[in-house]
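What follows is a single structure, written as structure tokens, with notes after it.
The values are calculated or read from the model by the stated rules, or taken from the named source; none is laboratory data. Computed from a predicted model, the values in this text were never measured in an experiment. When we count neighbours, we look across all protein chains shown, and the Cβ atoms used for this are built from the backbone with ideal geometry, even at glycine. With ligands, DNA and RNA removed, areas are computed over all heavy atoms of the protein, side chains included. Shrake-Rupley method; radii C 1.70, N 1.55, O 1.52, S 1.80 Å.
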Amino acid sequence: QVQLVESGGGLVQPGDSLKLSCIASGRAASIYTMGWFRQAPGKEREFVAAIRFGDNKKVYGDSAKGRFTVSRDRAKNALFLQMDTLKPEDTAAYFCASTSRSLIMSTISSNRQYDSWGQGTQVTVSS
């Protein structure tokens, strides 16, 4: 099985930046696609960003485009999410997810396609 552990969340002011990290362990070598999702209280889980390992394809949700950047460190089995120009609307619990499948574009944003999930890290943007 795969274990995912997120970190880097916190309380920041609007306009600030945060960098989230996700470390994979266990059967990390089997991972082929990793993504970030977020969920605010009373809201549905929302796709943020993902990266497909085979071709390094990166995909972003509408709320993340132009502000967030997803990347990975192969040697460290780590996934990152650089978040800039944070807004109060970004307040949510952020989750790292992975799957052994190389997801096609039509499914890469669906949380049902991911097999392993981290515990989440809270991001709060408030003045």
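For the range 10-44, what are the residues that are under 12 Å from the mean Cα position of the chain (by Cα) and either closer than 14 Å to TRP117 by Cα or of a type outside the set (D, E, K, R) (or both)?
Hits for the range 10-44 are LEU20, SER21, CYS22, ILE23, THR33, MET34, GLY35, TRP36, PHE37, ARG38, GLN39.
Only one of (1) closer than 17 Å to ALA28 by Cα; (2) of a type in the set (Gly, Ala, Ser); (3) without any contact (Cβ under 8 Å) to a residue 40 or more places away in the chain is not met by SER63, so which one is it?
Of the numbered conditions (1) closer than 17 Å to ALA28 by Cα; (2) of a type in the set (Gly, Ala, Ser); (3) without any contact (Cβ under 8 Å) to a residue 40 or more places away in the chain, the odd one out for SER63 is (1).
Which residue, of SER109, SER127, is farther than 26 Å from GLN1 by Cα, assigned to a loop (DSSP other than H, G, I, E, B) and either open to solvent by 30 Å² or more (accessible area, probe 1.4 Å) or touching an Asp or Glu at 6+ places or on another chain (Cβ under 7 Å) (or both)?
Testing whether each residue is farther than 26 Å from GLN1 by Cα, assigned to a loop (DSSP other than H, G, I, E, B) and either open to solvent by 30 Å² or more (accessible area, probe 1.4 Å) or touching an Asp or Glu at 6+ places or on another chain (Cβ under 7 Å) (or both) leaves just SER127.
Among the residues of the range 60-91, which ones are of a type outside the set (Val, Ile, Thr) and under 12 Å from the mean Cα position of the chain (by Cα)?
Those that are of a type outside the set (Val, Ile, Thr) and under 12 Å from the mean Cα position of the chain (by Cα): TYR60, GLY61, ALA64, PHE68, SER71, ARG72, ALA78, LEU79, PHE80, LEU81, GLN82, MET83.
Select from the range 92-127 the residues that are more than 14 Å from the chain's Cα centre (by Cα) and hydroxyl-bearing (Ser, Thr, Tyr) and list them in ascending order.
Once the filter is applied, which keeps residues that are more than 14 Å from the chain's Cα centre (by Cα) and hydroxyl-bearing (Ser, Thr, Tyr), the range 92-127 yields SER100, SER102, SER106, THR107, THR124, SER126, SER127.
Condition check ((1) open to solvent by less than 10 Å² (accessible area, probe 1.4 Å); (2) in contact with a Ser or Thr (Cβ under 9 Å, 6 or more places away or on another chain); (3) within 15 Å of GLY118 (Cα to Cα)) across all residues:
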position	(1), (2), (3)
ALA64	yes, no, no
VAL70	yes, no, no
ALA75	no, no, no
PHE80	no, yes, yes
LEU86	yes, yes, no
GLU89	no, yes, no
ALA92	yes, yes, yes
ALA97	yes, yes, yes
ARG101	no, yes, no
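If I ask for residues that are open to solvent by less than 60 Å² (accessible area, probe 1.4 Å) and in a strand (DSSP E or B), which ones from the range 8-25 would you list?
Result: GLY10, VAL12, LEU18, LEU20, SER21, CYS22, ALA24, SER25.
Please work out which residue is modelled with the highest pLDDT, limiting yourself to the range 90-127 and to residues that are under 21 Å from ASP55 (Cα atoms) and aliphatic (A, V, I, L, M).
This residue is ALA97.
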